[in-house]
Amino acid sequence: MVDFFHEVEDLTKNLVGIQSVNTAPGQETAIAGYIHQYYAELEYFKNYPERNILQPTTGDLLERHNAISYIKGTKQGGSDQTIILLGHIDTVGIEDFRDFSDYATKPDQLPAILKEHFSLSQEVLDDIESGRYMFGRGALDMKAGVAGHMVLMKHFSRHPEQLCGNLIAIHECDEESGSKGILSALDLLVELSEREGFDYIAAINADYSTNHTPDDQNVYVYHGSIGKLLPTISVFGKEAHVGQSFAAFDPNLLIAMVTRQVSLNPIMSDQAKGETTLPPISLKQADQKEKYTVQTALNALAYYNVFSHGRTPSEVLDLFRDQVIIAYDETIELLQQRYDAYCQMAGSEQSQLPWKTRVYTWEELAEELTEQSSEFPKELEKFKHDLHEKDRAMDMRMFSHEVVKFAWKKRADTSPGLVIHFGGVYNARVETMPESDNDKRLLDSVAQAIASIQPQAKRSIKTRLFYPYISDASFLAVSDDVASLKRLELNMPSYGTKYIHELDKILQIDVPIVNIGTFGKDGHMLTERVDKWHSFQNVPNISYQTILKLLD
Ligand SMILES: [Zn+2]
């Protein structure tokens, strides 16, 4: 093993010391600037300053930057083969540190502060005692990973003769929210593939992971990545005064029933290659009434986090729709039962309630409205454009709901119903296919690298297929077929105005991905901490060996 430990440790501490909370004004640019300067001081980048880039994001409401640098290897005259090193430089907020948020960026002082002012579990106290961990916001997620990549870049900038190919490091902002950093970096990757002839053969992400069960002692390298979709329902009811409540179709009841059907239902867990995703969970459920009245709500929305390993967006949509129909049918049945029972109690005449299960996908609704009026697509575009211009910072999910609401009002039929759409960003699933040459080369190189590190690793290093958290790696590869992605687009009300999945660019890069990342505990929490030996020593060594094998 190469001794990377102390250099990566020091650099991680420096990076943690630069607060870079996602969207905090100036902070993401400050850390990008630090990294840019780190490279600028290296001899190699003094000779090739154009290979060290401070890239502003595009299509962003904030001013922030990525730091991107590349080295062209000279072994055997070099080659077009290029490896991408990927890592995000932003972190989540520091509110959980309460009055002690100044210490969130001070790994040396933080453990004492935590012990004195917070109630900690025995496990955390033991971990402090052991000295095995570095605490601090972003230490685990994922500044230690970024530091490792920087040290590798520094090494290869002094030894380009070791590489028959090129290395590009992307240190991107905005991973924790809108992925504006990686989406902007795509432009540069495409540009470099045209200008420098770069042929991307692998991407190494260094995002964090943690133990799978409480007594799990392994550490992990992941091939590919889990996908994430946000199926959303916009429900349109029939309002009534509370004095006539059986005349109402309450959208709150219907979304509650959908949540009951969908939430944590293993029917929607996705299994691929022996690995199973967690089932969905609701992330919002609310009607859109602004203040109290005695009228029932008019419309409501709910959205759900749905993971995928093997399922395409199109398959997720169909499966979700089946669950929604079940919930809708049950709602109508329940309403009728309660109405019948009430009529019996009150001695009034029973009758059939008028409700029917009415479920549209956004695509179906837009199609129906276009058939009804050829003007509809134009009106819709104008509405979306105006809404976006009025409030560019509007939440994407609320934007989508407003667009669906606008369309729903255009229907000739005023009866209640529900529209399914995708309200949020698609984090694409990435599956490694050993049948493909590039994938197989990466799998083999990583396996050999792990085998060579294992004897000194102090931990058992295991390989799994799907990185279980969301990461920016989802924007570097496409495992879904184009037809399925087209259906995703057609079912995203915000598509074209507020959101574009840069499919054309991603297809140009479409690279096999591995996550050789930091390891630790309590990511996104007060007690976030990174396992020093694995993250400062094993991780850069595995990546180093992988790079040498791929660009031999
Ligand atoms: Zn992360």
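Things worth noting here:
- Among residues of segment 249-274, those that are crowded, with 16+ Cβ neighbours inside 10 Å and modelled with pLDDT under 95, counted: 1
- So Leu114, is it over 23 Å from Arg51 (Cα atoms) and within 16 Å of the ligand (Cβ to nearest atom): no
- Residue among Gly243, Gly274, Gly227, Gly237 that alone is within 30 Å of Leu548 (Cα to Cα) and more than 16 Å from the ligand (Cβ to nearest atom): Gly227
- Filter pass, Tyr328 being surrounded by fewer than 17 Cβ atoms within 10 Å (Cβ to Cβ), assigned to a helix (DSSP H, G or I) and of a type in the set (Ser, Thr, Tyr): no
- Of all residues making up segment 490-547, the number that are touching an Asp or Glu at 6+ places or on another chain (Cβ under 8 Å) and within 16 Å of the ligand (Cβ to nearest atom): 12
- Cβ-Cβ under 7 Å pairs, at least 6 apart or on other chains, segment 311-322 side touching a residue at least 40 places away in the same chain (Cβ under 8 Å) and buried (at least 17 other Cβ atoms within 10 Å of the Cβ), far side among the charged types (D, E, K, R) and not in a helix (DSSP H, G or I): Arg311/Asp270; Thr312/Asp480; Thr312/Asp481; Pro313/Asp480
- Test result for Asp90, within 16 Å of the ligand (Cβ to nearest atom) and charged (D, E, K, R): yes
- Taken together, Thr29, Thr58 contain a single residue that is farther than 23 Å from Ile201 by Cα, of a type in the set (Ser, Thr, Tyr), in contact (Cβ under 8 Å) with a residue 12 or more places away in the chain and surrounded by 15 or more Cβ atoms within 10 Å (Cβ to Cβ), which is Thr29.
- Qualifying residue in segment 194-214 (condition: over 30 Å from Thr357 (Cα atoms), out of contact with any Cys (no Cβ under 8 Å at 6 or more places or on another chain) and in a helix (DSSP H, G or I)): yes
- Test: residue in segment 148-171 that is within 13 Å of the ligand (Cβ to nearest atom), over 25 Å from Leu42 (Cα atoms) and buried (at least 24 other Cβ atoms within 10 Å of the Cβ): no
- Test: residue in segment 55-63 that is within 24 Å of Pro540 (Cα to Cα) and among the β-branched types (Val, Ile, Thr): no
- Flag if Ser314 is among the polar types (S, T, N, Q) and in contact with a Lys or Arg (Cβ under 9 Å, 6 or more places away or on another chain): yes
- Test: Val514 is closer than 14 Å to Ala203 by Cα and touching a residue at least 12 places away in the same chain (Cβ under 8 Å): yes
- Criterion applied to Val403, Val425 was being in a loop (DSSP other than H, G, I, E, B) and of a type in the set (A, V, I, L, M, F, W, C), and the one residue passing it is Val425.
- Complete set of residues in segment 126-147 that are at negative phi, within 14 Å of the ligand (Cβ to nearest atom) and not in a helix (DSSP H, G or I): Arg137
- For segment 194-211, a residue qualifies if it is more than 19 Å from Tyr39 (Cβ to Cβ) and either free of Cβ contacts under 8 Å to residues at least 24 places away in the same chain or crowded, with 17+ Cβ neighbours inside 10 Å (or both), and the qualifying residues are Glu194, Arg195, Tyr200, Ile201, Ala202, Ala203, Asn205, Asp207, Tyr208, Ser209, Thr210.
- All of Leu476, Leu465 fail the test of being away from the ligand (no atom under 16 Å from the Cβ) and at negative phi, apart from Leu465.
- The residue that is nearest to Val478 (Cα to Cα), among those in segment 212-222 that are crowded, with 23+ Cβ neighbours inside 10 Å and more than 14 Å from the ligand (Cβ to nearest atom), is Val221.
- Qualifying residue in segment 337-351 (condition: surrounded by 14 or more Cβ atoms within 10 Å (Cβ to Cβ), modelled with pLDDT of 95 or more and either within 26 Å of Lys405 (Cα to Cα) or in contact with a His (Cβ under 8 Å, 6 or more places away or on another chain) (or both)): no
- Where a residue in segment 119-147 is surrounded by fewer than 16 Cβ atoms within 10 Å (Cβ to Cβ) and its partner, wherever it lies, is modelled with pLDDT under 95 and aliphatic (A, V, I, L, M), with Cβ under 8 Å and at least six apart: none
The values are calculated or read from the model by the stated rules, or taken from the named source; none is laboratory data. Keep in mind the model is a prediction, meaning the values are calculated, not measured. We place every Cβ from the backbone using ideal geometry, glycine too, and count neighbours over all the protein chains shown.
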